[in-house]
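Some notes on the structure that comes next.
The values are calculated or read from the model by the stated rules, or taken from the named source; none is laboratory data. What you see is a predicted model, and the numbers here were worked out from it, not measured in a lab. Reconstructed Cβ throughout: ideal geometry from the backbone, glycine too, with neighbour counts over all protein chains shown.
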Amino acid sequence: MTARPTRVLLYVALGILGALVALAGGLVQDGWFPGGLVLALAGCVALFYGGLKATGTRLGAVVPATVWVICVILLSTSRPEGDFLFAAGAGPYIYLLGGALSALVCATVPQLPPSGRNRA
């Protein structure tokens, strides 16, 4: 386990990465469809599961997932000029639901002890 100040900095870094993954995924998922959608979802899963493994706590997956959801919601609202990042279509909906589902799965995956340890 890491020291408390180090872990707090790690959570802050995971939150920033959550915002960056949301922005990058929002741009890539529809731009290079369908490969971009797969890449965006893989980035979400990698961040959420990586946060879980890096911190050793479920909060490591919850922090970037929460920031990701907030950023995606903010990016999906239209502006007064009519600009928006997510169009109506299958790709954006799959990205939104797939990212949220991957966050849920990564946050609730059971924490198993490492295999190969001698039980004495």
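Worth pointing out:
- Out of ALA42, ALA22, sole residue that is crowded, with 21+ Cβ neighbours inside 10 Å and either under 23 Å from ALA90 (Cβ atoms) or in contact with a His (Cβ under 6 Å, 6 or more places away or on another chain) (or both): ALA22
- The C-beta contact set for segment 96-118 (first residue more than 13 Å from LEU47 (Cα to Cα) and assigned to a helix (DSSP H, G or I), second residue of a type outside the set (A, V, I, L, M) and at pLDDT below 85, distance under 7 angstrom, 6+ apart or interchain) is empty.
- Condition check for ALA65: within 11 Å of GLY99 (Cα to Cα), crowded, with 18+ Cβ neighbours inside 10 Å and modelled with pLDDT of 90 or more: yes
- Residue among VAL72, VAL109, VAL38 that alone is within 14 Å of the chain's Cα centre (by Cα), over 14 Å from LEU10 (Cα atoms) and at pLDDT below 90: VAL72
- VAL12 meets all of the listed conditions (1) farther than 13 Å from LEU59 by Cα; (2) surrounded by fewer than 18 Cβ atoms within 10 Å (Cβ to Cβ); (3) not aromatic (Phe, Trp, Tyr) but one, namely (1).
- Conditions (1) in contact with a helix residue (DSSP H, G or I) (Cβ under 9 Å, 6 or more places away or on another chain); (2) part of a loop (DSSP other than H, G, I, E, B); (3) of a type outside the set (Val, Ile, Thr): number failed by GLY51: (2)
- Meets criteria (in contact (Cβ under 8 Å) with a residue 24 or more places away in the chain, farther than 18 Å from THR108 by Cα and either basic (Lys, Arg) or out of contact with any His (no Cβ under 6 Å at 6 or more places or on another chain) (or both)) for PHE33: yes
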